[in-house]
Amino acid sequence: MLKKKVVSFRFFLVNIILLSLVLVYACKRIEVTPSTKELLTKNSWKGDSVHISFQSVVPLNVPPIRQTLDNFSLQFFDNGTFESIYVGQKYQGNWELQQDKLLVLKGLPVNDLISTFTQTIQSQGLNVPPITFPESYEIETLSDSLLIFKGKTQTQVQVQGIPFPVPVTIEIRIRLRMP
């Protein structure tokens, strides 16, 4: 009888040790992924580049434009506000996250960011009215070191040699990095 108790105790002790090892191993493998809001508000984002491209039914012969954003920063705050600085000028606005993929930015100085864009287009022989980008941007990439979001707008351009305005879709893609 004593031998049975010793075997049962050993069996119980071995099972406890194995269960403890499994729990320790499982707990080490669980990684907590920060939420989209936590990643956005973690720190101030520094500008990397802005890409602008065109889509039209008529060939416009305007290559995509890439512009560096060395003098741009963007900080999201938990209270739904943001602050951006571009070439020493401070801007403030509001932001909202919808379904973890749509970033609504009210007050982002997009037109200042794309100022050389308008000059480049006009040098290609296109007459472009003032462009207003939407306030909603799709988050394309978000990690603890990289944020890429994009938005689209539609307008019409007057092309030399074509008697009517040509509809175009313009996409802006903003790329930011953590310092």
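The values are calculated or read from the model by the stated rules, or taken from the named source; none is laboratory data. If you're wondering where the values come from, they're calculated on a predicted model, not measured in any experiment. For neighbour counting, all protein chains shown are included, and Cβ atoms are generated from backbone atoms with ideal geometry for every residue, glycine included.
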> Just to be sure, is Ile170 in the same structural domain as Lys106 (by TED's automatic domain parsing) and within 13 Å of Ser56 (Cβ to Cβ)?
Replying inline: yes
> Would a scan of region 153-171 turn up a residue that is acidic (Asp, Glu) and closer than 22 Å to Asp78 by Cα?
Replying inline: no
> Is it true that Lys42 is over 19 Å from Gln119 (Cα atoms), in contact (Cβ under 8 Å) with a residue 60 or more places away in the chain and among the basic types (Lys, Arg)?
Replying inline: yes
>> Need the failing condition index for Gln154 against (1) closer than 15 Å to Trp45 by Cβ; (2) without any contact (Cβ under 8 Å) to a residue 24 or more places away in the chain, just the number.
In response: (1)
> If you go through region 72-92 one residue at a time, do you hit one that is of a type in the set (A, V, I, L, M), surrounded by 16 or more Cβ atoms within 10 Å (Cβ to Cβ) and farther than 22 Å from Trp45 by Cβ?
Replying inline: no
>> Kindly evaluate Glu83 against the criterion of being modelled with pLDDT of 90 or more, assigned by TED's automatic domain parsing to the domain that holds Ser136, within 20 Å of Thr141 (Cα to Cα) and acidic (Asp, Glu).
In response: no
> Restricting to region 55-79, what's the tally of residues that are out of contact with any helix residue (DSSP H, G or I) (no Cβ under 6 Å at 6 or more places or on another chain), in a strand (DSSP E or B) and without any contact (Cβ under 8 Å) to a residue 40 or more places away in the chain?
Replying inline: 4
